[in-house]
Ligand SMILES: Cc1ncc(C[n+]2csc(CCOP(=O)(O)OP(=O)(O)O)c2C)c(N)n1
Ligand code: SF4
Ligand code: SF4
Ligand code: SF4
Ligand SMILES: [Mg+2]
């Protein structure tokens with residue numbers, strides 16, 4: 001165990017994965033990750049080609065060129081940088097390139113705001129990237145290694161984005177156990193694709209596909225996404241066998257068995273929610289509040305979620321994003337997952353935008369609202385902003 | 001006989017200059033290359049799934065990122081110890097190169113990647129239907145710079161990308177025209193033999209977009225050079241090292257053969273515009289010492 | 001057809017698309033007049049004129065009839081004739 005900043009713990013994991021090519025462009029709060037990797041390369045600790053690109057659009061494009069040539073690649077970004085990558089993200093997934101990227105989740109402008117929420121990655125949910133969200137720095141670090149294993153699997157071949165909340169996880173100092181290099185080498189063999197750019201087998205990549213087969217190619221990506229569900233679970237348990245740590249597969253639960261109210265969220269707020277639940281359960285009132293941690297947002301684990309909330313009476317979905325004009329994206333997805341199940345009451349909460357703190361009290365208030373809904377038997381507000389100040 | 005590395009059966013218009021450029025580039029490069037193409041006519045006509053005209057490894061990603069993708073291919077070869085396996089070449093249209101992809105190109109040139117970037121210059125966005133680009137020459141009528149009652153078509157001169165590329169201090173910049181095929185082949189060979197970033201701009205007339213009969217693609221290309229409107233030269237680290245000298249012809253000979261300049265000969269005030277275009281050619285002749 | 005992952009295509013596979021059907025005019029090389037300079041072959045956008053012995057021949061499977069070869073032949077050894085005549 002060492003105490004280190006979250007960004008450094010991720011950089012160490014990246015190093016252990018031995019990427020051939022790293023391309024990155026600085027943006028707060030991702031900078032400490034790519035600075036640390038640059039230092040590793042400069043000090044000869046990491047033998048990677050590090051491309052200091054002129055934009056995030058080019059960062060992802062360099063990864064595409066390198067990955068298609070057979071290299072293991074890495075980049076990291078957030079917020080405006082991820083938005084600038086938008087079309088390249090779709091392209092990387094469509095080309096079936098197993099690129100791994102850290103998303104140091106942050107809000108989107110305007111108004112410009114450099115603090116945490118998850119609007120950036122959630123806005124790319126339809127891009128064909130597998131999206132994982134880490135609860136703490138240890139998980140962000142370990143998830144990076146798992147990400148390559150998932151992405152590069154011949155049955156999957158999709159890019160993976162590892163979400164870690166900006167500042168909250170990137171800049172926090174916590175004890176972290178790093179994975180020893182020999183064990184990582186054993187867990188993650190070098191990338192050995194069947195097809196790559198080479199005069200030895202001069203294939204053409206990125207051809208124009210007509211309406212006659214475009215749907216089928218999109219379907220193939222979708223199917224790979226579906227297969228990824230099993231793969232993510234398997235990789236998580238393989239990781240536990242090798243390194244002794246496990247954070248759940250697609251989802252994880254906490255105090256959920258007897259819970260009437262289940263809180264659902266992604267990322268670092270899970271830790272806060274666990275503490276709040278502990279207090280709620282300890283204060284003698286016997287409130288049956290539990291938690292479902294959504295670890296994998298795409299592919300969306302609809303079945304696992306439906307199963308996990310089956311005996312709850314209300315779920316409270318926490319969204320650090322908003323689909324403006326509707327509601328939080330996770331809330332929408334969860335509700336749709338439950339629709340067939342005739343499940344518990346569903347309440348959605350928009351919170352933590354642009355770095356606003358989410359306190360235990362907030363969580364308690366939300367739990368209380370859900371309890372109220374149970375008592376009245378109806379959901380008053382389908383989706384609401386939490387702690388909205390004066391306008 | 002040398003193997004044809006750009007296969008027939010592609011969907012280019014009959015008489016397509018870009019297809020000729022692709023053939024000549026591959027004649028110069030040989031088969032040990034990896035080609036990166038941005039979106040554009042050449043990419044679309046050469047890769048209708050499940051077919052491809054390319055007999056060399058080839059990748060298309062997006063419209064504005066060919067230089068960055070090529071950078072990635074190059075560093076990957078280096079990192080994987082496969083540098084000797086292939087030379088990396090990007091082949092993009094003027095829109096992809098000079099407009100939307102100029103940031104990625106500048107980055108690639110500045111970072112010193114061992115990549116040859118080749119722009120086939122057909123002087124407009126042909127793939128989307130002949131819209132102007134910053135490489136469209138003064139006076140040309142396109143679908144977004146149409147000649148009209150109060151317009152003589154494109155009202156800005158061609159952006160000088162070879163000069164911008166040269167300003168990066170790269171080891172080799174050259175212009176060429178498909179009308180001089182041996183020169184194209186020689187320059188491609190030379191470019192790929194030099195370590196570091198190289199930029200080549202090859203004039204590639206487009207019969208469909210410029211409005212001339214497909215049989216005249218080469219003749220039109222030759223006239224662009226002979227009138228001084230497309231000067232052919234090489235430069236190394238910012239200094240011009242060779243120039244193709246010509247016995248110059250008046251610009252009208254070039255312009256009158258194309259529909260895109262037709263209005264200059266038919267509308268009132270056209271003469272003044274022709275004079276301006278002649279001035280551009282004269283200035284080129286002076287700058288490069290084109291006159292024999 | 002089995003779709004390839006990521007829509008990869010085989011090298012040179014446009015050969016399955018015979019563009020000879022596009023042709024309105026057909027170039028005919030007068031072998032007597034041909035001096036074997038290779039100009040036509042160099043300029044053909046389809047790369048469909050090949051050297052045969054010391055002369056050149058056109059593969060009509062792909063010739064689109066653009067007429068560049070005839071226009072550029074230095075000795076006017078290529079004639080464009082209406083297809084089917
Ligand atoms: C980001 C983006 N904007 C616009 C387009 C539409 N588009 C595709 S090709 C093209 C023009 C290509 O022009 P050029 O690079 O000169 O090649 P040409 O077709 O003329 O050979 C445009 C505008 C696109 N594909 N991507
Ligand atoms: S429009 Fe022009 S560049 Fe495009 S295929 Fe036709 S001739 Fe070639
Ligand atoms: S250009 Fe004319 S002379 Fe030269 S090889 Fe072709 S047909 Fe023969
Ligand atoms: S007519 Fe055009 S396509 Fe046919 S052989 Fe001649 S140059 Fe090639
Ligand atoms: Mg163009």
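Values as computed for the structure displayed
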item	result
Per-region count, segment A:364-391, residues within 18 Å of residue A:327 (Cα to Cα) and not in a loop (DSSP other than H, G, I, E, B)	6
Checking residue B:32 against (1) away from ligand 5 (no atom under 16 Å from the Cβ); (2) closer than 23 Å to residue A:24 by Cα; (3) surrounded by fewer than 24 Cβ atoms within 10 Å (Cβ to Cβ), the condition it does not meet	(2)
Only one of A:95, A:84 that is within 14 Å of another protein chain (Cβ to nearest Cβ) and touching a residue at least 40 places away in the same chain (Cβ under 8 Å)	A:95
Helices (runs of 4 or more DSSP H) enclosed by segment B:30-141 - at least 1 residues per element that are within 17 Å of residue B:20 (Cα to Cα)	B:41-46
Residue check for residue A:103: in a strand (DSSP E or B) and within 19 Å of residue A:170 (Cβ to Cβ)	yes
Filtered residue count, segment B:4-29, keeping only those that are in a helix (DSSP H, G or I) and either more than 10 Å from ligand 2 (Cβ to nearest atom) or more than 8 Å from every other protein chain (Cβ to nearest Cβ) (or both)	10
Options B:70, B:96, B:53: the member that is within 13 Å of ligand 5 (Cβ to nearest atom), closer than 24 Å to residue B:183 by Cβ and buried (at least 24 other Cβ atoms within 10 Å of the Cβ)	B:96
Answer from B:181, B:197 - the residue that is within 16 Å of ligand 3 (Cβ to nearest atom), surrounded by 16 or more Cβ atoms within 10 Å (Cβ to Cβ) and within 14 Å of another protein chain (Cβ to nearest Cβ)	B:181
Neighbours by Cβ (under 6 Å, 6+ apart or cross-chain): first from segment A:191-212, not assigned by TED's automatic domain parsing to the domain that holds residue A:90; second surrounded by fewer than 17 Cβ atoms within 10 Å (Cβ to Cβ) and at pLDDT 95 or above	none
Members of segment C:38-85 that are more than 12 Å from every other protein chain (Cβ to nearest Cβ), under 21 Å from residue B:219 (Cα atoms) and surrounded by 13 or more Cβ atoms within 10 Å (Cβ to Cβ)	C:77, C:79
Qualifying positions in segment A:320-348 - under 22 Å from residue A:255 (Cβ atoms) and free of Cβ contacts under 8 Å to residues at least 40 places away in the same chain	A:337, A:338, A:341, A:343, A:345, A:346, A:347, A:348
Any hit, segment C:56-73, residues being part of a loop (DSSP other than H, G, I, E, B), more than 16 Å from ligand 2 (Cβ to nearest atom) and farther than 25 Å from residue B:22 by Cβ	no
Number of the condition not met by residue A:235 [criteria: (1) assigned to a helix (DSSP H, G or I); (2) closer than 20 Å to residue A:103 by Cβ; (3) not assigned by TED's automatic domain parsing to the domain that holds residue A:134]	(3)
Members of segment C:1-11 found to be part of a loop (DSSP other than H, G, I, E, B) and touching a strand residue (DSSP E or B) at 6+ places or on another chain (Cβ under 7 Å), listed by number	C:8, C:11
Segment C:21-37, subset part of a loop (DSSP other than H, G, I, E, B) and at the interface with chain B (Cβ under 10 Å from one of its Cβ atoms), residue nearest to ligand 3 (Cβ to nearest atom)	C:23
Meets criteria (surrounded by 21 or more Cβ atoms within 10 Å (Cβ to Cβ) and in contact with a helix residue (DSSP H, G or I) (Cβ under 8 Å, 6 or more places away or on another chain)) for residue C:7	yes
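The values are calculated or read from the model by the stated rules, or taken from the named source; none is laboratory data. What you see is a predicted model, and the numbers here were worked out from it, not measured in a lab. When we count neighbours, we look across all protein chains shown, and the Cβ atoms used for this are built from the backbone with ideal geometry, even at glycine.
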